[in-house]
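Here is the structure we will look at.
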Amino acid sequence: MQENEEKLWTDRYLNHSTGWDIGHASTPLEEYFDQLTNKSMTILIPGAGNAHEAEYLHKHGFTNVVVLDISAVPLQSFAERLPDFPKEHLIQDDFFKHKGQYDLIIEQTFFCSFPPTPERRREYMKKMHSLLISNGKLIGLWFCFPLTDDMVKRPFGGSLKEYEKYLQPYFDTLIFEPCYNSIKPRRGKELFGIFRRKD
C-alpha cells in the first residue's frame, strides 16, 4: 500500500498534477497562525506537499514545524526553496506509520486525499489522536461537497455531519463551521475546524 501511494503522489508531483496547490498558504490558515503566540510549539503538517503553510510559519518565527509527506519530491523542492529550514524537520514517511507527539496538527487537503471509506476515515482520526499531546489540537480545512461513487478521483468530499461522526470519539469540537474567509475558488466548499484531543 505504501509503495503504491508513494508512487501515486510522486508521479503527480513530477507531472505537476497538483491542482490542489494554490501556491501559498490559504487565508483561513494564515489568519489562524497569526493568532498563535507560542512560536516554539511543536507543529505537524502531514501530507504537506509543497508545504506553503510550513513556509509561512517558518518565516513568522515558528521553530518546531515538522513537514511530513510520503513522497520525497516536494520535500526536496521545499528544502531548495527554504535552505535555512531544519533538514531534520523534513520527513518522508507514511502518515499512518509516523511516530511523534505534537501540540498542533494542521489539516489542509490531506484528509480528502484518501479513498473515502469509513475504515480509512476512522483510521485517520485515530492516528491524529495518537500524534497529539494531551489537550493538543487538530486544526484546519475540510472540503464540504457531496461524495460520489468515484473512489479514484481526488479530492474526496463529505459533509459536516459525516465528519463529526468520525471526530466525536477522539476530539472535542471547539469550532466547526463553514469557512467565511476561503479563497475565491473554494468559497462555499470548505469547513474550518478546531478540535481538541480527548484524553
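Listed here are the residues, each with its yes/no results for (1) aliphatic (A, V, I, L, M); (2) under 23 Å from SER26 (Cα atoms); (3) surrounded by fewer than 20 Cβ atoms within 10 Å (Cβ to Cβ).
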{"residue": "PHE62", "(1), (2), (3)": "no, yes, yes"}
{"residue": "ILE70", "(1), (2), (3)": "yes, yes, no"}
{"residue": "PRO74", "(1), (2), (3)": "no, yes, no"}
{"residue": "PRO116", "(1), (2), (3)": "no, no, yes"}
{"residue": "ARG120", "(1), (2), (3)": "no, no, yes"}
{"residue": "SER130", "(1), (2), (3)": "no, no, yes"}
{"residue": "LEU138", "(1), (2), (3)": "yes, yes, no"}
{"residue": "PRO155", "(1), (2), (3)": "no, yes, yes"}
{"residue": "LEU160", "(1), (2), (3)": "yes, yes, yes"}
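Would you be able to tell me the number of residues in segment 119-131 that are in contact (Cβ under 8 Å) with a residue 40 or more places away in the chain and closer than 18 Å to GLU164 by Cβ?
The number of residues fulfilling the criteria is 7.
Output the strands (runs of 3 or more DSSP E) that fall wholly within segment 18-98 and possess 2 or more residues being in contact with a Phe, Trp or Tyr (Cβ under 8 Å, 6 or more places away or on another chain), or say none.
Of the strands (runs of 3 or more DSSP E) lying wholly inside segment 18-98, those with at least 2 residues that are in contact with a Phe, Trp or Tyr (Cβ under 8 Å, 6 or more places away or on another chain) span 43-46, 65-69.
Out of the residues in segment 105-145 that are in a loop (DSSP other than H, G, I, E, B) and in contact with a strand residue (DSSP E or B) (Cβ under 8 Å, 6 or more places away or on another chain), which is farthest from TYR56 (Cα to Cα)?
PRO116
(1) touching a strand residue (DSSP E or B) at 6+ places or on another chain (Cβ under 6 Å); (2) surrounded by fewer than 16 Cβ atoms within 10 Å (Cβ to Cβ); (3) at pLDDT 95 or above: which one isn't true of GLU88, the others all being true?
It fails just one condition, (1).
The values are calculated or read from the model by the stated rules, or taken from the named source; none is laboratory data. This one's a predicted model, so the numbers in the text were calculated from it and none came from an experiment. FYI the Cβ positions are ideal-geometry reconstructions off the backbone, even for glycines, and counts take in every protein chain you see.
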